[in-house]
Amino acid sequence: MYLHLHSAFLGILSCLTPSCQINMNRLKLAVAVVFVFPVLGCTGGADVSQTTDERDPSVARLWNEVLLEAIRNDFARPTVHARNLFHISAAMYDAWAVFDVTAGTFLLDKQVGGYSCPLDYVAYNRDFVAAREEAISFAAYRLITHRFALAPGFAAIQGDVDALMLTLGYDATDTSTATRAGSAAAMGNYIASCYIGFGLQDGANEANDYANVSYSPVNPPVEPESPGNPDIVDLDRWQQISLTLFIDQAGNPVSTLPEFLSPEWGQVEPFALSTNDLSVFQRGGFDYYVYHDPGLPPLSAGTLADEYKWGFALVSAWSSHLDPADGVMVDISPASLGNIQSLPTDIADYRNFYDFPNGGDASTGHTSNPVTGAPYAPQIVPRGDYARVLAEFWADGPDSETPPGHWFVILNSVQDHPMFQRRMEGTGEELGPLEWDVKAYFALGGAMHDSAIAAWGIKGWYDYLRPLSAIRAMADRGQSSDPLLPSYSVDGLPLVPGLIELLAPGDPLAGANGENVDKIKLYAWRGPDFINNPQTDQAGVGWILAENWWPYQRPTFVTPPFAGYVSGHSTYSRAAAEVLTALTGDAFFPGGMSSFEIQANNFLVFEQGPSVDMTLQWATYRDASDQTSLSRLWGGIHPPADDIPGRIIGEQIGLDAFSFAREYFSGN
C-alpha cells in the first residue's frame, strides 16, 4: 500500500505541535488524496490475507472531513447538522461493527424508534479491513448525497464525494444493496438506505425540509435597523428579526423572514436520552417534548423579575468591554482562566459566578501543566481584543461547520497531536486509526444529536426572547430603579452608573430639540452604523441610545433565528467536552494545552482587529467549553440564564451519550 497526500490536504496533519490549532473552519478538503491498494472482492477460499488497521488518516476521517465541508456549503442549521453528523457517523460505525465479532451495530439489524433495518446476512470470507473501508465509503457517499441534495453548495459537495470515491478506487455507480452476494459496497449501500428510511420518520420532518408543524411566534418581528422594539407584545417570548438583508451563519442570503429553527425538535428520535428525563407539554394542540427540563427562565414579572433585568443588563454592560483601547489588560492563559470548580444551581447564585463590571466567570486557573510540570506562561492582552475574538471565534459564522461540527474539528485536531494515543478511555492497547475514528465519531455524534434535541426542545417550549429584544423593549419603557426619577417603569432597565443611565439635558445624545432627554443611554459597543470599512474601521465603545443597542454580530445576521433559553452553544460544548474527556481518559488536551493563533488585524470579520497578536489557549476540554459559553455573553446573544442550564444539561448529555456508546462497543 502506498499513501500519497496532496499538499493541500497536509493541512489536516500539519497540526502536530503542542500548541495544536483546533479551529480548522477554513480548511478545504483536498480531493487529490490517492490511495493505491488492491480493492479485494469476496473470496471463496478458506484463507484470506488480512491487512492491518493502520492507514492514517483513516477512511472514516476522510469522509468526516468531506461531511464537515458539506455542512459549510449548506444552510446554517445546527439542529439539522447535529443530526447529519450523528446519522452519518452511526452509519460508518455500523459499517465497521458489522464485521466485528464483539461490537454491536446501532441501526443495522436492529430496531430503533420503531424503525427496523433487518440484515439478510451472509458470512464474509475476505479482508475485513478492506471490507470495512469499502462499506464505510458507500454508506457515507449515499447518505451525504441524500442529505445535502438541496444545499446551496451541492455542486461542490457532489464534486468532493465523487472525487473521494474515485481516489479510493470505488465505483460510485454501484447501487446494489444485495448484501447476500458478499459485496461490501452493497453492505454500505444497504446501511445508507436504512438511515435514509429511518430519517424520513424520526420526527425531524425531513421530507418537508424540516419545516415547522405547529409553532408560531406570539410577537411581531423586531426591526434592528429602526429604533427600539415598539411592537413587542410579550416581554418573555421570542421575536423574529426583520432585516433589509439577512445572511445566515453559513453566508447564504435568505430572502424571506427567518422562522424559528426547529422549535419542535424535541420530538426527534434521540440517541441516549431517556424517557425518565422527558416531560411533555402541550400548546396549540401540539406536544412539546422537553428532556432535562430546567424549568422556567426568569420572567419580566414575578419573583425573578430582578434576575431578568440583571441578566440582560449584564449583557449590555459586557458590551462595554469590546474596546481594545480602554486600557484594561487581562491574562488569557490557563494560569488565570479555566478550572471552574462548580456551576451555580440556583439562579440567585449567578451574580456571584459572573463578574458583572469586569467580565468573566469564576475561573480559578491552573497552577501548572500536568504534562510538563511547568506553570502556564501568562499572556496579557487587551480585554477588548480578547472579548471580540471570543465572540467571533466561537460564533461559527460564514464558512463554518456550525457548533456541533466545530467540536468534530476539535476532536480531529486532538487525534492529530503527536502525543495523542488511541487508547479508549486512556487505557488498554492502542486502537487502529479506523477503529478509533468510527467509535469516537459515533460517541461524539450521539452527544451532539442529543444536545440538539434537548436544547431545542427547551427552546421551543419556553420560547424565550433574546437580549436584542429585551434590552430594546425595556429601554422603550424607561428605568426601573427609582420611582422618583423620570421615565420610571417597573418593566424598564435598571440604572447602573457609568453603564446604564438617564439622558440629561445638554447631553451630546439629547438631540437637537432635546427629544431624547430622559431616555436611557448605554455605555456599549456602538454598532454597525459606525463601521464603513470592516478592514479599517472599529465601531468602538461609547454612549449610545439604548433603543439603538446591537449585539456584537454581523449586521446582516444580528442574532440566531431561534429562542435563547437554553444556550445551544453551552449545551453542545459541555456535552462534547465530557465525551472527549471520557474518550481520551484525560480532562486535559494532549500535552496539557491546545491553542489557536490569532493575527493582529487579520481575524475579525465585521470590524478591524484585534489590535495585537494573541493565542487562544485551553488546558482542558471543559475550559474550552466554558470559554464558548462566555463568548455568547460578550457577543450579545445570551444572558446568564440561558448559559448555566445549558452547561449543566450538556454535562449530563455527554456523560450519558458516552456511556451508551460504550455499550455498543462492548456488544451489550
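The values are calculated or read from the model by the stated rules, or taken from the named source; none is laboratory data. As the structure is a computational prediction, the values presented were derived from the model and not from experiment. Methodologically, a virtual Cβ is constructed for each residue, glycine included, from the backbone with ideal geometry; neighbour enumeration extends over all protein chains shown. Please note that ligands, DNA and RNA were not included when accessible areas were found on the heavy atoms of the full protein model with its side chains. Shrake-Rupley method; radii C 1.70, N 1.55, O 1.52, S 1.80 Å.
Tabulated values for the structure
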{"read-out": "Highest to lowest packing among 111-120, 560-569, scored as the average C-beta count within 10 Å", "value": "560-569, 111-120"}
{"read-out": "Inter-site label distance for R423 and S274 at 7 Å from Cα along Cβ, in nm", "value": "3.0 nm"}
{"read-out": "Residue list for region 411-442, given a label point 7 angstrom along the Cα-to-Cβ vector of T51 and an amide N cut-off under 17 Å", "value": "432-438"}
{"read-out": "Under 27 Å from K309, Cα to Cα: lysines that are on another chain or at least 8 residues apart", "value": "K459, K519, K521"}
{"read-out": "Residue-by-residue Karplus 3J(HN,Hα) for region 145-152, coefficients 6.51, -1.76, 1.60, Hz, glycine and proline x", "value": "5, 6, 6, 10, 4, 9, 5, x"}
{"read-out": "Taking region 165-241 and dividing mean pair separation by its residue count, relative contact order in percent (alpha carbons under 8 Å, at least six apart)", "value": "17 percent"}
{"read-out": "Cα→Cβ-extended label distance, 7 Å offset, between N602 and D355, nm", "value": "3.0 nm"}
{"read-out": "Residue-normalised accessible area of region 332-449, given per residue in Å² at a 1.4 Å probe", "value": "34 Å²"}
{"read-out": "Cα gyration tensor shape of region 379-456, rounded if a/c is under 1.5, else prolate or oblate by comparing a/b with b/c", "value": "oblate"}
{"read-out": "Built amide H within the under 5 Å cut-off of H638, gap 5+", "value": "L633"}
{"read-out": "Most positive-pole-ward Cα, A335, W407, N369, against dipole of the chain from beta carbon charges", "value": "W407"}
{"read-out": "Among beta bridges that DSSP assigns inside the chain, antiparallel share in %, nearest 5", "value": "90 percent"}
{"read-out": "Listed residues T173, T559, T364 arranged by accessible area, highest first, probe 1.4 Å", "value": "T173, T364, T559"}
{"read-out": "Under 17 Å from the T345 label point (7 Å along Cα→beta-carbon), backbone N, region 626-656", "value": "644-653"}
{"read-out": "Rel. contact order, % - alpha carbon contacts under 8 angstrom, at least six apart, region 381-441", "value": "15 percent"}
{"read-out": "Computed over the chain: relative contact order in percent, which uses C-alpha pairs under 8 Å that are six or more apart", "value": "19 percent"}
{"read-out": "Per-peptide average of other Cβ atoms within 10 Å, ordering 99-105, 656-662, 446-452 highest first", "value": "446-452, 656-662, 99-105"}
{"read-out": "Region 550-668: C-alpha gyration tensor shape, a/c 1.5 cut-off, then a/b vs b/c", "value": "oblate"}
{"read-out": "Accessible area (Å², 1.4 Å probe, nearest 10) - S595", "value": "0 Å²"}
{"read-out": "In Hz, Karplus ³J(HN,Hα) per residue of region 456-473 (6.51, -1.76, 1.60; θ = phi - 60°; x = Gly, Pro)", "value": "6, x, 5, 4, x, 6, 7, 6, 7, 6, 9, x, 3, 5, 5, 5, 5, 5"}
{"read-out": "Degrees separating the helix 59-72 axis from the principal Cα axis of the chain, which is the longest one", "value": "30 degrees"}
{"read-out": "Listed peptides 516-526, 638-648, 273-283 by packing density, highest first (mean Cβ within 10 Å)", "value": "638-648, 516-526, 273-283"}
{"read-out": "Expected 222 nm ellipticity per residue - DSSP helices of 4 or more, -39500 (n - 2.57), all of the chain, to 500", "value": "-11500 deg cm²/dmol"}
{"read-out": "Efficiency of FRET between V101 and D234 - r from beta-carbon atoms, R0 60 angstrom, step 0.05", "value": "0.55"}
{"read-out": "Candidate lysines for bridging to K110, where Cα separation is under 20 Å - those fewer than 8 sequence places away on the same chain excluded", "value": "K439"}
{"read-out": "Option label - Rg and Dmax of the Cα atoms in Å computed here, alternatives (i) 25.5, 95; (ii) 27.2, 89; (iii) 28.5, 109", "value": "(i)"}
{"read-out": "Estimated FRET transfer efficiency (A301, V218; beta-carbon r; R0 22 Å; 0.05)", "value": "0.90"}
{"read-out": "Inter-probe distance in nm under a simple model that places probes 7 Å from Cα toward Cβ, at T536 and I196", "value": "5.4 nm"}
{"read-out": "Tail beyond 21 Å, pair distance distribution of region 287-353 (Cα, percent)", "value": "51 percent"}
{"read-out": "Phi to ³J(HN,Hα) by Karplus 6.51 cos²θ - 1.76 cosθ + 1.60 over region 265-270, Hz, x for Gly, Pro", "value": "5, x, 7, 6, 4, x"}
{"read-out": "GluC sites (Glu not before Pro) within region 399-451: DSSP coil, no more than 10 neighbouring Cβ in 10 Å", "value": "E429"}
